[in-house]
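K.L.:
The structure is given below, and queries will be raised subsequently.
The values are calculated or read from the model by the stated rules, or taken from the named source; none is laboratory data. Bear in mind that the values here come from a model prediction, so they are computed numbers and not experimental data. Glycine gets a Cβ as well: all are built from the backbone with ideal geometry, and neighbour counts include every protein chain shown. We work out accessible area using only protein heavy atoms, side chains counted, and drop any ligands, DNA or RNA first. Shrake-Rupley method; radii C 1.70, N 1.55, O 1.52, S 1.80 Å.
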Amino acid sequence: LKTQVMAERILSINPECSVRRYDCFYLPDTSDAEGFYFEQYDYVIDAIDTTSAKIDIITRCKNAGIPVISSMGTGNKLDPSRFEIADISKTSVCPLAKVVRRELRNRGIHGVKVLFSREKPIKTGSRIPGSISYVPSVAGLLIGGEVIRDLLKEK
């Protein structure tokens, strides 16, 4: 499980870290979602691919007053140098960001920080976007850096 691998990695860096694993597929309409209490976190990083879950996590974090950053689509992208971190209202090109932006606006939610790319997705002939190995990892590093900078500003 990804959660197990990540927990082991975190503990190898700092054995005193407190790591809580949630081995589930998060969807807003499942009992798994009821077990998440976002107000207990300092910051939430959303890197979920399911649009309904992404919107639910952002909504719940905003309602709880917890900072959240959401990764928009990295599928079918080849140039990680085109990633930007901005308010979702400033996004363009990204089909996922367009849907999330509209749904959040309909819910009256504003001020959501996201990572997105202005690079147009390549055409593959498949309806399901695919990711090349280095693109999501760059997105994760950029998001991680942004979270650390935000947390340091708070102190």
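K.L.:
Kindly write out, for the range 139-151 in residue order, the coupling ³J(HN,Hα) from the Karplus curve 6.51 cos²θ - 1.76 cosθ + 1.60 (θ = phi - 60°), rounded to whole Hz, with x marking Gly and Pro.
P.N.:
Per residue, the Karplus-derived 3J(HN,Hα) values read 4, x, 5, 5, 5, x, x, 5, 4, 4, 4, 4, 5 Hz.
K.L.:
Over the chain, what is the relative contact order in percent, taking alpha-carbon pairs closer than 8 angstrom and at least six residues apart?
P.N.:
21 percent
K.L.:
If you don't mind, another one. Please list, ordered by chain and number, the residues whose modelled amide H lies under 5 Å from the amide H of V112; skip anything fewer than 5 residues away on the same chain.
P.N.:
I88, S89
K.L.:
Amide H of S131 versus every other amide H placed in the peptide plane: which residues, excluding those fewer than 5 positions away on the same chain, fall under 5 Å?
P.N.:
Residues meeting the criterion, in which the H sits 1.01 Å from N, are N76.
K.L.:
On to the next question. Tell me, what ³J(HN,Hα) does each residue in the range 101-111 have, in order and in whole Hz, if you take phi through Karplus 6.51 cos²θ - 1.76 cosθ + 1.60 with θ = phi - 60° and put x for Gly and Pro?
P.N.:
For the range 101-111, the Karplus-derived couplings read 4, 5, 5, 5, 4, 4, 8, x, 9, 10, x Hz, x marking Gly and Pro.
K.L.:
While we're looking at this one, here's another question. For A64 and R105, FRET efficiency with R0 = 22 Å and r from the beta-carbon atoms, rounded to 0.05?
P.N.:
E(calc), rounded to 0.05, equals 0.65.
K.L.:
Specify, per residue and in Å³, the volume enclosed by the convex hull of the alpha carbon atoms belonging to the chain.
P.N.:
In the chain, the Cα convex hull volume per residue is 137 Å³.
K.L.:
Could you work out how far the C-alpha centroid of the range 1-36 sits from that of the range 101-155, in angstrom?
P.N.:
After rounding, the separation between the Cα centres reads 20 Å.
K.L.:
If I take every Cα pair under 8 Å that is 6 or more residues apart in the range 76-155, average their sequence separation and divide by the length, what percent do I get for the relative contact order?
P.N.:
Over the range 76-155, the number comes to 42 percent.
K.L.:
Return one quarter of the surface area of the convex hull spanned by the alpha-carbon atoms of the range 1-80, equal to its mean projected area, in nm².
P.N.:
Computing the convex hull of the Cα atoms and averaging its projections yields 6.6 nm².
K.L.:
Could you check what % of the DSSP bridge pairs in the range 61-155 are antiparallel, to the nearest 5?
P.N.:
Approximately 60 percent, going by the DSSP bridge assignments.
K.L.:
Still on this structure: For D46, enumerate residues with amide H under 5 Å from its amide H, sequence gap 5+ or separate chain, H modeled in the peptide plane.
P.N.:
Under 5 Å from the amide H of D46: I69, S70, S71.
K.L.:
Here is a follow-up. In the chain, once you exclude exposed chymotrypsin sites (Phe, Trp or Tyr not before Pro) (DSSP loop, at most 11 other Cβ within 10 angstrom), what's the longest stretch remaining?
P.N.:
38-155
K.L.:
Quick check for you: with a 1.4 Å probe and neighbouring chains kept, what is the accessible area per residue of the range 1-106, in Å²?
P.N.:
Ligands and nucleic acids excluded, the result is 60 Å² per residue.
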